[in-house]
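What follows is a short report on a single structure.
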Amino acid sequence: MTIYGLWVINKAGGLVYQKNFPASSKPDGLAALNSNEYLILAGTLHGIHAITSRLSPTGASSGAEVIEGESFKMHIRLTPTGVKFVLLTSIAETSADIMLGKVYEAYADSAMKNPFHTPEMPIRSEGFDLRINSLFATS
């Protein structure tokens, strides 16, 4: 199981949290980007997700759930409040949905229950960071 990174995108398309996992243990990891490139990618993904939610031939859709490239997958979980959790993984990853559920639980417990956190703003919670680090250290 190889996980390259985690993004949290607010309902307006802004990147509020981004974490890369150590490339030293993942020689096939994705290229490092600067902060501006991550912001651009998050906004672009937000737009693509909005478009895919309207393309469903059966009517109502929550948008793309998995976008697959040649060397990675983007697993997307949309919450009822419009926040998107994006997990960047290897092609062979099979437990991304379970991991995204645990990330969402950590977000709800550590960020949203924090009286000092403002929704839609960058997540600056040590508790959230610790939960994410421990969650992906065991995976």
message: Being surrounded by 14 or more Cβ atoms within 10 Å (Cβ to Cβ), at pLDDT below 90, of a type in the set (A, V, I, L, M, F, W, C) and closer than 29 Å to Thr118 by Cβ narrows it down to one residue among Ala42, Ala64, Ala50; which is it?
response: Ala64
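Results for (1) assigned to a loop (DSSP other than H, G, I, E, B); (2) open to solvent by less than 30 Å² (accessible area, probe 1.4 Å); (3) charged (D, E, K, R), shown as yes or no for each residue.
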{"position": "Tyr17", "(1), (2), (3)": "no, yes, no"}
{"position": "Gly82", "(1), (2), (3)": "yes, yes, no"}
{"position": "Phe85", "(1), (2), (3)": "no, yes, no"}
{"position": "Tyr104", "(1), (2), (3)": "no, no, no"}
{"position": "Ser110", "(1), (2), (3)": "no, yes, no"}
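For Glu93, indicate whether it is at pLDDT below 90, open to solvent by less than 90 Å² (accessible area, probe 1.4 Å) and under 17 Å from Gly5 (Cα atoms).
Working: at pLDDT below 90: yes; open to solvent by less than 90 Å² (accessible area, probe 1.4 Å): yes; under 17 Å from Gly5 (Cα atoms): yes.
Yes, satisfied.
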message: Taking the conditions exactly as written (open to solvent by 20 Å² or more (accessible area, probe 1.4 Å), free of Cβ contacts under 8 Å to residues at least 40 places away in the same chain and aliphatic (A, V, I, L, M)), does Met121 satisfy them or not?
response: no
- prompt: Are any residues in segment 48-94 under 19 Å from Val8 (Cβ atoms) and in contact (Cβ under 8 Å) with a residue 40 or more places away in the chain, and if so, which ones?
  reply: Phe72, Thr81, Gly82, Val83, Lys84, Phe85, Val86, Leu87, Leu88, Thr89, Glu93
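The values are calculated or read from the model by the stated rules, or taken from the named source; none is laboratory data. Predicted model, so just to flag it, every value in this text is computed and none were measured. Using ideal geometry, Cβ is built from the backbone for each residue, glycine included, and neighbour counts are taken over all protein chains shown. Heads up: the accessible areas ignore ligands, DNA and RNA and are worked out on the full protein's heavy atoms, side chains in. Shrake-Rupley method; radii C 1.70, N 1.55, O 1.52, S 1.80 Å.
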